[in-house]
Amino acid sequence: MKLYLYIFFILSCFYSQTALSQGLKFCGGEQAIDKRTSYDVFKNSSVAFSNYFNIDFKIALYPAKEIGYILRIKNEKSDKIYNLFYDGQGSSFVFKFNEEGRSSLITAELNKEEQLDKHWLRMIISFDLKSDSIRLTVNDRVFRAVASGLPEKYYPVILFGKSDHIIDTPSFAIKELSVGNNEKYTFPLRENEGSIVHDSKGKALGEVLNPQWLINDAYHWSFKTSFKSETVAGANYNVRKKEIYYFNRDAISIYNVRSGETRTKVFDEKCPVNLALGTNFIDTKNNRLYAYEVYHNITDEQPMIASLDLDTYQWTTESTERLPKQLHHHGAYYDPSTDKYTIFGGFGNMYYSKNFYCFDLNERKWSTLDGFSGDTILPRYFSSVGYLKKTNSIYVFGGMGNESGEQVVGRKYFYDLHKVDLNTKHITKLWEIPWDKNNVVPVRGMVILDDSCFYTLCYPEHFSKSFLQLYRFSLKDGSYEILGDSIPIYSDKITTNANLYYDHQLNNLYAIVQEFADDVSSDLKVYSLAFPPITAGDLTNYPKEESGIIVLIIIGLTSICISIIGYLLYKKFVQKNKNSRNTSQTLRIQNNDKERIDKPNSIYLFGEFTVRDRNNKDITYMFSTKLRQMFFLVLQYSIEDGITSQRLSNLIWPDKPEDKVKNSRGVTINHLRKALGELDGIEFVYDKGYFKIVLTDECYCDFVRCIQIISTGIEENREELIEILTRGKFLRSSDQALFDTFKIDMEHKLEPVLLIEIEKSFTTEAYQTTINLTEALFNIDPLNDEALVFQTKALQRLKLNEEARIRYQTFVVEYKKTMGSDYPHPYKDLI
């Protein structure tokens, strides 16, 4: 029985996920004419229907372009053409079914707000060839018209979007397309690339120009917008109004996910709460946003919770009560039926918390939830918390902490799930799963739709440059899948955070990523993913043409056998297999994957500045800031004749009088000579009025070696150059203006060489070398178009399509952040 259930689970998950994710989006008048989408349903086949036939599909309408022709219906044996025209510019959706060039047969008008809440509209165009009539059905509303002169047999040519001279088309999407009567052609529209459209049997019947396959939107996170605040800010999503909020004490920026429009409202009076973390929640019932802080070091009474009326944008102080300590990265949920907001866990004052605190919006007071029975949830922060109304239960997943709650004891990562029944106040530990990969923490919120599973974003917070990854966990046993590609996050500061939201009307997940640079200023990035999300395997698993029932039987039997084998091996391999994509999604350059072995008597200026003595001991600590300044300057000028004493003094001590500079210079030179004395083959000399660094072959310096290679030709030393450059950006940790010319000179030498070598390596099909060299070029110019094109193509040639898209998206985000405008070249133009 378990085996059958397992097979059923696999099949049901596959069909339920991919069926909802598929579809085809059409670019309309918002794009140039040659970029607009055109879909010929039976381009590669001629079909005919007698008596009647239906064109049945679901359609979603987008605000980018709200007027134009959706489809045209021709007849191979006649000149008569019908079209469907759409106008959504007013308060209603208006659909007109026309006999082209003659008259309008049907006008269907629907309330826009009601239909927008449904997102997808069911549309059926029915031709009754016997009674000479046409019926248009939109959702449950039916409109009819007489259409005289319909033939007994119809040879339809069905064209969605741009067609012939018809170029005025709206922005829309279709899915679940079928055409026919008793003989029906069904089109899943679940391709992820290309212009060929298959029917449900895998037969190539149609062609599309400029397609946007929706299944990609269920795998690739789409960057929507970004914001920046110089003061502490908070962010949230209002599911009722379809708006992302990003606010500080002075103003609120509002991004509508449906229209793509952004507006900013400056408050008449500042937010009363002195924002430190920017934590907040939304009461959609009363259309209010609550900003709160749980703790402040200031002893004076001050507002701790305030609410913002999202109609008038006026603030109201709600409470001055504070909790005993700060609670960084606590989990939280809001229950609109009780008007109560509950938080759990968090970190502050050197302690992890295990407490539940509840704020009553009506009483405007905090209270501690206690008296729980059952299992214990250990103190932690970075937990994900969700609420399921069906069971009136809180679910707490993962995080970091320890049994005692004291930070000094050390922390461990949790991969467990607890259910807190609010009816009985009983805590049940549902499961704890083993974890043998990089440790990760979840984001604050989880999406929990029923009692089978939940979704959350997880990431290794202990890396500066990290990636958020979407997980779906089973509530029953903790089994999980990794879904979609990843989202970059810079997680250096404890205030950096991310969150996940679900909109059931738009069938979208939204991720907001707030990155703090200095615990005060922050950037917010917004991403969307079509729901339900899919795996990398689902992305490419669209139907291929089969030949005959025997093939179908063989495929069916093979699938069952694979399922049986998968079940038998499940216990042993599930964790490994389910996460095999995790490492491929964050491809690391091969040279960086190898363990780097630094040499004795070596100095490294690429990446982290490192010095190793004659015994191969790391003595970088001996080089103070002043010693590094002097060493870098003298080394820079040593390429020529060296640097004069006066020039050196002016650069390092520009504001000191000569008598004091002389003493400081002498002390620094002595310390530098002492540090360099720990190495063989290097001297700090003063000759003919110039200071310079003299090296012999005993001492290795990557900067000097790099200059030698690019000066003498790199054909025989390409791999060595790659090894040097993939350590990282030149003088990465030295950002003083003093070294700008040194860096610029180095980059000017490297950039033309890298461009030539990138093209050479790509031409010779050394694609991994191409990738390594483009990464080195990105260290010089993060927005280099040529590097992006070659890197994308190289990854494609290595069949790392997913990684290519991830890197493209990262580039696009950085471009928008730097340039303030969208990157003008879509991904498909780079391939």
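The values are calculated or read from the model by the stated rules, or taken from the named source; none is laboratory data. These numbers were taken from a predicted model, which means no experiment stands behind them. Here the Cβ positions follow ideal geometry from the backbone for every residue, glycine too, while neighbour counts run over all protein chains shown.
Here are the numbers for this structure:
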{"item": "Lone unmet requirement of (1) under 29 Å from G260 (Cα atoms); (2) in contact with a strand residue (DSSP E or B) (Cβ under 7 Å, 6 or more places away or on another chain); (3) charged (D, E, K, R); (4) without any contact (Cβ under 8 Å) to a residue 60 or more places away in the chain for E100", "result": "(1)"}
{"item": "When residues of region 617-643 are limited to those that are within 22 Å of D745 (Cβ to Cβ) and of a type in the set (S, T, Y), the one nearest to the chain's Cα centre (by Cα)", "result": "T625"}
{"item": "Region 429-460, residues that are of a type in the set (A, V, I, L, M) and either not assigned by the TED database to the domain that holds N507 or not in a loop (DSSP other than H, G, I, E, B) (or both)", "result": "L430, V441, V447, L457"}
{"item": "Tally, over region 611-643, of residues that are polar (S, T, N, Q), over 15 Å from T668 (Cα atoms) and not in a helix (DSSP H, G or I)", "result": "2"}
{"item": "S404 among the polar types (S, T, N, Q) and over 25 Å from the mean Cα position of the chain (by Cα)", "result": "yes"}
{"item": "Only listed residue being of a type in the set (V, I, T) and touching a Leu at 6+ places or on another chain (Cβ under 9 Å), chosen from I73, I67", "result": "I73"}
{"item": "Residue check, Y686 hydroxyl-bearing (S, T, Y) and in a strand (DSSP E or B)", "result": "yes"}
{"item": "Filtered residue count, region 293-346, keeping only those that are touching a Phe, Trp or Tyr at 6+ places or on another chain (Cβ under 6 Å) and of a type in the set (G, A, S)", "result": "5"}
{"item": "Residue pairs meeting the criteria (Cβ under 6 Å; at least 6 apart or on separate chains; first under 15 Å from L750 (Cβ atoms), in region 687-714; second of a type in the set (F, W, Y))", "result": "D702/Y604; D702/F606"}
{"item": "Counted residues, region 693-703 - those being farther than 15 Å from N616 by Cα and crowded, with 18+ Cβ neighbours inside 10 Å", "result": "4"}
{"item": "Filter result for the condition that a residue is within 18 Å of the chain's Cα centre (by Cα) and either modelled with pLDDT under 90 or assigned by the TED database to the domain that holds Q809 (or both), over S521, S466, S528", "result": "S466"}
{"item": "Within region 317-354, tally of residues that are acidic (D, E), assigned to a loop (DSSP other than H, G, I, E, B) and within 20 Å of V396 (Cβ to Cβ)", "result": "0"}
{"item": "Members of region 148-186 that are closer than 19 Å to K58 by Cα and among the hydroxyl-bearing types (S, T, Y)", "result": "T169, S171, S178, Y185, T186"}
{"item": "Verdict on N44 being over 26 Å from the mean Cα position of the chain (by Cα), modelled with pLDDT of 85 or more and surrounded by 15 or more Cβ atoms within 10 Å (Cβ to Cβ)", "result": "no"}
{"item": "Only listed residue being surrounded by 22 or more Cβ atoms within 10 Å (Cβ to Cβ) and touching a Pro at 6+ places or on another chain (Cβ under 9 Å), chosen from A235, A218", "result": "A218"}
{"item": "Whichever residue in region 729-740 is surrounded by 12 or more Cβ atoms within 10 Å (Cβ to Cβ) and over 33 Å from the mean Cα position of the chain (by Cα) and, among such residues, is nearest to R647 (Cα to Cα)", "result": "L738"}
{"item": "Flag if Y690 is in contact with a Ser or Thr (Cβ under 9 Å, 6 or more places away or on another chain), buried (at least 17 other Cβ atoms within 10 Å of the Cβ) and aromatic (F, W, Y)", "result": "yes"}
{"item": "Any chance R673 is surrounded by 17 or more Cβ atoms within 10 Å (Cβ to Cβ), basic (K, R), free of Cβ contacts under 8 Å to residues at least 40 places away in the same chain and assigned by the TED database to the domain that holds Q636", "result": "no"}
{"item": "Filter result for I377 (surrounded by 19 or more Cβ atoms within 10 Å (Cβ to Cβ) and over 19 Å from Q326 (Cβ atoms))", "result": "yes"}
{"item": "Per-region count, region 723-765, residues more than 30 Å from K799 (Cβ to Cβ) and among the β-branched types (V, I, T)", "result": "2"}
{"item": "Leading residue by the ranking (surrounded by the fewest Cβ atoms within 10 Å (Cβ to Cβ)) among those in region 57-88 that are out of contact with any Gly (no Cβ under 9 Å at 6 or more places or on another chain) and of a type in the set (D, E)", "result": "D79"}
{"item": "Flag for S711 being of a type in the set (G, A, S), exposed (fewer than 13 other Cβ atoms within 10 Å of the Cβ) and under 39 Å from the mean Cα position of the chain (by Cα)", "result": "no"}
{"item": "Strands (runs of 3 or more DSSP E) completely within region 472-524 that count 3 or more residues being without any contact (Cβ under 8 Å) to a residue 40 or more places away in the chain and buried (at least 19 other Cβ atoms within 10 Å of the Cβ)", "result": "none"}
{"item": "Residue within region 98-114 that is among the basic types (K, R), within 18 Å of L150 (Cα to Cα), in the same structural domain as I33 (by the TED database) and modelled with pLDDT of 90 or more present", "result": "yes"}
{"item": "Verdict on I724 being assigned to a helix (DSSP H, G or I), aliphatic (A, V, I, L, M) and outside the structural domain of I756 (by the TED database)", "result": "yes"}
{"item": "Of residues in region 603-637 being surrounded by 17 or more Cβ atoms within 10 Å (Cβ to Cβ) and hydroxyl-bearing (S, T, Y), the one nearest to C701 (Cα to Cα)", "result": "Y604"}
{"item": "Unique residue being touching a Ser or Thr at 6+ places or on another chain (Cβ under 8 Å), in contact (Cβ under 8 Å) with a residue 24 or more places away in the chain and of a type in the set (K, R) when the list is K184, K153", "result": "K153"}
{"item": "Count of residues meeting criterion [touching a Ser or Thr at 6+ places or on another chain (Cβ under 9 Å), of a type in the set (A, V, I, L, M, F, W, C) and without any contact (Cβ under 8 Å) to a residue 24 or more places away in the chain] in region 642-670", "result": "2"}
